Structure formats: structure tokens, C-alpha cells
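Following: one structure in C-alpha cells, then a few remarks.
The values are calculated or read from the model by the stated rules, or taken from the named source; none is laboratory data. Computed from a predicted structure; not experimentally measured. Quick reminder, even Gly has a Cβ in these numbers, built from the backbone with ideal geometry, and neighbours come from all protein chains shown. Areas reflect the complete protein model, heavy atoms only, side chains present, ligands, DNA and RNA absent. Shrake-Rupley method; radii C 1.70, N 1.55, O 1.52, S 1.80 Å.
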Amino acid sequence: EVSDDERRFDELIANEQRIEPRDWMPEAYRRTLVRQISQHAHSEIIGMQPEGNWITRAPSLKRKAILMAKVQDEAGHGLYLYSAAQTLGITRDEMMDQLISGKAKYSSIFNYPTPTWADMGAIGWLVDGAAICNQVPLCRASYGPYGRAMVRVCKEESFHQRQGFEILLSLMQGTDEQRKMAQDAVDRWYWPSLAMFGPPDDQSPNSAQSMKWKIKRFSNDELRQRFVGMLVPQAEILGVTLPDPDLRFDDETGQYVIGEIDWDEFFEVLRGNGPCNAERLERRRTAHEDGAWVREAAAEYARKQALKTEV
Ligand code: FAQ
């Protein structure tokens, strides 16, 4: 027996209209959104660390200013997304507890180290490039606050992607040593950036339902394909080699055929065993504890302001 509420929800989805916070929604839809949006928010916040590592060592004042702006954008995206998740009934404290206790997932990509300056280029080009491919369709997600948040986030991500490309381009026009550094960073980030799109479609338990609900618009493999198609001509311009000897364009299907992704490595990273998982979480935990006084002061200020308006 389908209730009136449910019928209306199904109609909104079928008509490409948006679900808003006060609308009735199935519990599972709410849960899926909280899961995806909070993981996305956590990714932005943890994602500040690999690049934060280079702010004090950027090679020029200009590079430093740009990198600082980018990392601040990521903080903004995180807060924006936490707010979107809060419209679904979860609190910021609950989400933060899930993150620092290690229960919450965040993107696998941020558990890899950034040993050289070229990593800033590779992150911008590959990681932000993958983020854009994944997030542009999310601008049309059926849940209003999430879709609208994605519009602004995507605009900023495209600036991030270009700044990464430009870092790599400068290095590739530099000395042999700089070119080697750029290629080495691309070699290390290429495969993990392909894994960002999530497991292959036949091992993606959430995809089918999320696509029915029009949260996701394309499957993980479809978006991965689109990403590789975007990278190939850009790699040519840069003069870097994508580290996949099996990569080729298949004229029959009109698609790129890519080599085998190391899914064992991906699932190990998800289990907490990537090269930097422990370090990333520890950093976040310490920052959270060090910031306790700010939260207390803000709460106390709010309490006093409320008292003032009462009299
Ligand atoms: N890492 O059934 P599916 C950025 C999990 S961009 C970790 O396919 P779904 C910008 C998945 O959660 C990065 N876990 O799941 C930036 C699920 O586990 P669960 C963030 C992953 O949700 C750039 C399980 O595997 N972007 O931050 C990953 O339908 C530079 C099964 O997977 C987003 O979050 C992974 N890579 O599809 C910042 C985009 N992939 O929850 C700083 C929004 C999958 O059942 C610097 N999210 N899992 O326990 C999405 O589009 C989707 O959630 C997917 C996964 C596509 C990530």
C-alpha cells in the first residue's frame, strides 16, 4: 500500500523536481543522503591536509597565496556540505564524532602522501579533475540543498583543477629534474584518482538505488570513463605520460579501455590501512581538541546574547 506521501515523493522524483528539507521522504533516502553528504564533507575537511603540508614551503609568494586560497575553499566546501547534511536531521557534533572516532568514511584519495611540490600540481589536475567529473552531475541531485551546494563547489573546483594543471605545465617547461618530478607525481596520483569514483559497477551496492532516486546520475564506471577521456588530451598538452600501458581508444565502442585498477589496494585504504590514514585522523582529532575552547567561547557568547535579548 503506497501512502499519499510516498506517491507525492515518487512524483517529484519522476518529474525532475526537488525534494526539500521539509518534504516527506523515505527513511532510506534520508539515510543515503546523510551518508553520502557527510562522507563528502569529511573528504573536503581531511582533504585540506595533503595540501596544507605545502603551504609553508610553496616556491613563491604567489604560489603560496593561491594554495592558501584553495585550501580555504576546501574548508568552505566542508562547512557548506555539513550544513546540507544538517537539514536532514543529523547534527554537526554527531558527524564530527563519527569522523574522529574513525567510524566515518572519507575519500580514499586523501590517504596518500605529498612528498614533493609537484604533488600540488597532480592533486589539482587529477584529484580536482576527478572531483569535477563526479560532482557536475550532482548539481542535478534530487535533494535540493545538496544539488545547490554543488553548483558553487563545482565552480571553485574548476579553478582548482586549472591551477593544478598550470603547476604541472610550469614544471614540464622547466629543467629535466622538474619534468621528472612532475611525471613522478602523475605516476603516483593517477591510479588512486581513478579509484576515487568508487568500486566497479558490479561491486557498488548503493548505485542502483541512488540512481533510481536521482541522487547519482551516472554509474561509477561511466564517470571513470568520462574522466579518462578528459585526461588523455590534457596529458598530451602537458607532455606527461599516463602510467597505464594498457590504455587505448577502442574505435568500436568509442571508449577508452583502461588497465586493471588495484581494487585490493582501494579496499585496504577503506579499511584504514592506507599510507596516511592514521596520520590524517590523528591530525583531525588533535585539531578538534585544540579547537574546543573556540567552540566553548562561541557557545558562551551565544548564551549571553540570548540572555540580553530576553530582558
Ligand atoms: N573513498 O556503493 P558505492 C573532494 C565507499 S572530492 C572512500 O559505489 P556510492 C574535493 C562508499 O562510500 C572527494 N570510500 O557508494 C577535493 C560505500 O561505502 P558505505 C569526495 C568510497 O555512495 C579535492 C562503498 O564504498 N567526493 O573532496 C570511495 O553510491 C582536492 C561502496 O561504494 C565525494 O564524496 C572512495 N573513493 O558511490 C578536496 C563525492 N568510493 O558508505 C580537497 C560525492 C566508494 O556504503 C582536495 N560522493 N566508497 O559504507 C559520491 O559521488 C559517491 O558517494 C561515490 C560512491 C561515487 C564516492
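Laid out as a table, the results:
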quantity: Boolean, residue 86 is within 13 Å of the ligand (Cβ to nearest atom) and either touching a strand residue (DSSP E or B) at 6+ places or on another chain (Cβ under 8 Å) or without any contact (Cβ under 8 Å) to a residue 24 or more places away in the chain (or both); calculated: no
quantity: Lone unmet requirement of (1) closer than 23 Å to residue 222 by Cα; (2) under 18 Å from the mean Cα position of the chain (by Cα); (3) open to solvent by 20 Å² or more (accessible area, probe 1.4 Å); (4) within 13 Å of the ligand (Cβ to nearest atom) for residue 198; calculated: (3)
quantity: Residue in region 280-297 that is in contact (Cβ under 8 Å) with a residue 40 or more places away in the chain, within 26 Å of residue 49 (Cβ to Cβ), in a helix (DSSP H, G or I) and open to solvent by 60 Å² or more (accessible area, probe 1.4 Å) present; calculated: yes
quantity: Residue count, region 37-68 (criterion: open to solvent by 40 Å² or more (accessible area, probe 1.4 Å) and either more than 8 Å from the ligand (Cβ to nearest atom) or acidic (Asp, Glu) (or both)); calculated: 12
quantity: Unique residue being within 11 Å of the ligand (Cβ to nearest atom) and polar (S, T, N, Q) when the list is 178, 183, 225, 203; calculated: 203
quantity: Count - residues of region 247-278 that are within 16 Å of the ligand (Cβ to nearest atom) and of a type in the set (Asp, Glu); calculated: 4
quantity: Region 20-45 residues that are touching a residue at least 24 places away in the same chain (Cβ under 8 Å) and farther than 14 Å from residue 105 by Cα, paired with ones that are open to solvent by 20 Å² or more (accessible area, probe 1.4 Å) and within 12 Å of the ligand (Cβ to nearest atom) (beta carbon under 8 Å, 6 or more apart); calculated: 28/209; 29/213
quantity: Selected residue (criterion: farthest from residue 219 (Cα to Cα)) from residues of region 119-144 that are more than 11 Å from the ligand (Cβ to nearest atom) and charged (D, E, K, R); calculated: 119
quantity: Meets criteria (open to solvent by 30 Å² or more (accessible area, probe 1.4 Å) and assigned to a helix (DSSP H, G or I)) for residue 214; calculated: no
